[in-house]
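Asks: My questions all concern the structure below.
The values are calculated or read from the model by the stated rules, or taken from the named source; none is laboratory data. Just so we're clear, the structure is a prediction, and the values are computed from it rather than from any experiment. Positions of Cβ are generated from backbone atoms using ideal geometry, with glycine treated the same way; all protein chains shown enter the neighbour counts. Note: areas computed on protein heavy atoms with side chains; ligands, DNA, RNA excluded. Shrake-Rupley method; radii C 1.70, N 1.55, O 1.52, S 1.80 Å.
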Amino acid sequence: MKTPRKQPLSALFLALWLAGCAQPTTQTPYFDPGAVAQEEAVQRAYAERGQEIRNTPYTEQELAQMEQRLATLAPRIVKAGQTLCGNMGRDPQSCTYTIRLSTDDHKNLNAYANGTEIFVTPPMMRFANTNDKLGTVLSHEYAHNIMGHVQAKQRNAMAGLALGTIADMIASSQGYNTGGALSNLGVDQGIRAFSPDFEREADYVGLYVMALAGFDIAEAPKLWRDMTAADPEGAFLTGSHPSNPERYILLDHTKNEIVQKVKAGQMLVPNVRPET
Ligand SMILES: [Zn+2]
């Protein structure tokens with residue numbers, strides 16, 4: 001059955017169309033519609049990558065390939081780290097750390113340093129799928145060890161514990177039972193104290209390691225855009241780490257600093273803060 005109201009409406013649309021109503025006035029470039037389909041495939045793959053990194057199970061073969069990849073890149077990082085320590089007036093051998101695959105974490109896109117070793121999780125190995133990207137990650141962690149951040153955080157935690165314990169004792173002497181809450185808070189605050197600053201320093205010093213290891217340092221800032229695509233949840237958070245946009249900017253500035261030093265024929269050594 002026909003509805004009588006449709007006819008006048010479509011006639012109105014046709015009239016508007018013919019009148020050239022509300023059309024753009026500039027001439028956008030012509031492109032092949034097939035090119036859009038191709039780009040769509042590229043961007044779909046990009047969008048799905050973060051999910052895939054975390055959700056695809058690891059085969060023994062892939063894990064073995066990751067071990068191999070780390071074993072190939074690690075000597076470059078170690079040598080560069082030793083050179084940087086020498087440039088900073090320290091014993092190069094004291095900056096020798098082992099780099100290995102973390103076998104117990106198959107879920108988190110992560111890498112970490114414990115003061116003597118560096119670990120990379122399998123999801124991070126998948127994410128850092130070029131040597132320059134993996135070089136960025138490894139150099140950052142190596143810098144944490146070079147700069148003694150783990151030990152510094154432990155000292156801060158102990159200082160926090162001491163302060164918290166005193167605060168608990170004072171509270172207790174005044175008749176308040178804190179149940180040790182203030183010493184726990186102290187440890188927590190001690191660990192968090194300067195944490196984003198240590199991360200900034202690891203990004204900064206790490207880029208020097210990366211340059212000395214012969215990687216393309218221009219790739220380092222880009223890693224943080226890729227990281228936002230792969231793991232958007234934490235990208236704009238601040239707390240223990242600077243946000244991804246801040247890390248991009250800091251690395252980009254550090255890259256310019258290193259490029260200037262190389263052009264000027266200067267030794268690659270991080271700038272030291274003026275004494276206060
Ligand atoms: Zn870090």
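Asks: Enumerate by residue number the trypsin sites (Lys or Arg not before Pro) in the stretch 38-112 meeting two conditions: DSSP loop (anything except H, G, I, E, B), and at most 14 other Cβ atoms within 10 Å of the site's Cβ.
Replies: Of the trypsin sites (Lys or Arg not before Pro), the ones in loops of the stretch 38-112 whose Cβ has at most 14 other Cβ atoms within 10 Å are Arg90, Lys107.
Asks: Moving to a separate point now. Calculate one ³J(HN,Hα) per residue across the stretch 242-258 by plugging θ = phi - 60° into the Karplus curve 6.51 cos²θ - 1.76 cosθ + 1.60, and present them in order as whole Hz with x for glycine and proline.
Replies: x, 5, 4, x, 5, 5, 4, 5, 4, 5, 5, 5, 5, 4, 4, 4, 5
Asks: Tell me the net charge near Gly206. Cut-off is 12 Å between Cβ atoms, Gly206 excluded, with +1 for each Lys or Arg and -1 for each Asp or Glu.
Replies: Net local charge, Gly206 excluded: -1.
Asks: Right, next: So what J values fall out for the stretch 260-272 if you push phi through Karplus, 6.51 cos²θ - 1.76 cosθ + 1.60 with θ = phi - 60°, rounded to Hz, Gly and Pro as x?
Replies: 4, 5, 5, 4, 7, x, 7, 5, 7, 9, x, 5, 9
Asks: Using just the helices of the chain, give the 222 nm mean residue ellipticity in deg cm²/dmol: DSSP H runs with n ≥ 4 each add -39,500 (n - 2.57), and the total is spread over all residues, rounded to 500.
Replies: One gets -21000 deg cm²/dmol as the mean residue ellipticity at 222 nm.
Asks: Can you pull a Stokes-Einstein diffusion coefficient for the chain at 10 °C (1.306 mPa s), Rh from Kirkwood over Cα pairs, as a whole number of µm²/s?
Replies: Estimated via Stokes-Einstein, D reaches 70 µm²/s.
Asks: Here is a further query. Just name one of Pro270, Pro232, Ile99: the one whose Cα is farthest towards the positive end of the charge dipole of the chain (beta-carbon charges, Lys/Arg +1, Asp/Glu -1).
Replies: Pro232
Asks: Related question: Step through the residues of the stretch 48-64 one at a time and calculate ³J(HN,Hα) from phi using the Karplus curve (6.51 cos²θ - 1.76 cosθ + 1.60, θ = phi - 60°), rounding each to whole Hz and writing x for Gly and Pro.
Replies: Once rounded to whole Hz, the list reads 7, 5, x, 5, 4, 4, 8, 9, 7, x, 8, 8, 4, 5, 5, 5, 5.
Asks: Carbon and sulfur atoms: what percent of the 1.4 Å accessible area of the chain do they account for?
Replies: Carbon and sulfur atoms account for 58 percent of the accessible area of the chain.
Asks: Please state the charge dipole magnitude for the chain, taken about the Cα centre, from unit charges on C-beta atoms (+1 on K and R, -1 on D and E), reported in debye and rounded to the nearest 20.
Replies: For the chain, the charge dipole is close to 580 debye.
Asks: So, with +1 on the Cβ of K and R and -1 on the Cβ of D and E, and no other charges, what is the size of the charge dipole of the stretch 236-276 about its Cα centre, to the nearest 20 debye?
Replies: Here the size comes out at about 140 debye.
Asks: With everything on Cα atoms, drop me the angle between helix 149-173 and the longest principal axis of the chain, reported from 0 to 90° to the nearest 10.
Replies: With both axes taken from Cα atoms, the answer is about 80 degrees.
Asks: Contour minus end-to-end for Lys261 and Thr28, with contour as 0.36 nm per residue of separation and end-to-end as the Cα-Cα distance?
Replies: Value of the extension gain: 79.5 nm.
Asks: Something else: Rounded to the nearest 10 Å², what accessible area does Val150 show when all protein chains are kept and the probe is 1.4 Å?
Replies: Its heavy atoms expose roughly 40 Å² to the probe.
Asks: Using a Cα distance threshold of under 23 Å, what count of lysine pairs results for the stretch 149-276 when pairs must be 8 or more residues apart or interchain?
Replies: 4
Asks: Just to confirm, what accessible area per residue do you get for the chain at 1.4 Å probe, in whole Å²?
Replies: 62
Asks: Say the dipole of the stretch 159-276 comes from +1 at the beta carbon of Lys and Arg and -1 at that of Asp and Glu; which of Phe198, His241, Ile166 then lies farthest toward its positive end?
Replies: Phe198
Asks: Once Lys and Arg get +1 and Asp and Glu get -1 on their Cβ, which of Asn55, Gly86, Thr116 lies farthest toward the positive end of the dipole of the stretch 39-135?
Replies: Ranked along the dipole, the leading option is Gly86.
Asks: Which whole-number percent gives the relative contact order of the stretch 128-276, counting Cα pairs below 8 Å spaced six or more residues apart?
Replies: 25 percent.
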